[in-house]
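Shown next, in structure tokens, is the structure this report addresses.
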Amino acid sequence: MKLKDCRNISCTKKFSSNGTKAYCDKACYRAAKNIRQANLYSLIREVQKGLFTNYKLFGKYLLNKKSVEIDLTQAKIMGFDINAYYRTCFEDEVKWCCVKEYSFNISNKNGKHILTVKKN
């Protein structure tokens, strides 16, 4: 039997195992699992927050319009998250990122980054 280090980052124990055991006991396994779950839940909350913020922002800009162009820095000030979308599609070789019924695209016009938002 060889001594193994416990995979829980807060545990410094060594234990003997001749199998695939990775933790010294159930308490260490549960503690490591709680840490992984907390990280996962915080990531999910961050993604949900970004999607919801983008959705509200797009709804505000597209009240009665089909599409609108916004300066990217102004949109970021308003809370726009460039990474908060759930799928992409291509239209005329242009990549559009989708948030529910809205699609957005970031382009460079005259040296300025422009956020184009349209309602599908």
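Does region 110-120 hold any residues that are over 9 Å from S67 (Cα atoms) and touching a Leu at 6+ places or on another chain (Cβ under 8 Å), and which are they?
The answer is K112, H113, I114, L115.
Among the residues of region 18-38, write down those that are open to solvent by less than 100 Å² (accessible area, probe 1.4 Å) and either polar (S, T, N, Q) or in contact with a Leu (Cβ under 9 Å, 6 or more places away or on another chain) (or both).
Passing the criteria: only Q37.
Hey, can you tell me all the residues within region 9-45 that are farther than 30 Å from N83 by Cα, among the small types (G, A, S) and outside any loop (DSSP other than H, G, I, E, B)?
S16, S17, A27, A31
Which numbered condition in (1) under 17 Å from N105 (Cβ atoms); (2) touching a residue at least 24 places away in the same chain (Cβ under 8 Å); (3) not small (G, A, S) is the only one that L57 fails?
Every listed condition holds for L57 apart from (2).
Taking S107, is it part of a strand (DSSP E or B), under 17 Å from K65 (Cβ atoms) and small (G, A, S)?
Answer is no for this residue.
Within region 50-89, can you find the residues that are assigned to a loop (DSSP other than H, G, I, E, B) and open to solvent by 50 Å² or more (accessible area, probe 1.4 Å)?
L63, N64, K65, K66, M78, D81, I82, N83, Y85, Y86
The values are calculated or read from the model by the stated rules, or taken from the named source; none is laboratory data. No experiment lies behind these values; they were computed from the predicted model shown. Cβ: placed from backbone, ideal geometry, glycine included. Neighbour counts: every protein chain shown. Protein only, heavy atoms only, side chains kept; ligands, DNA and RNA dropped before computing areas. Shrake-Rupley method; radii C 1.70, N 1.55, O 1.52, S 1.80 Å.
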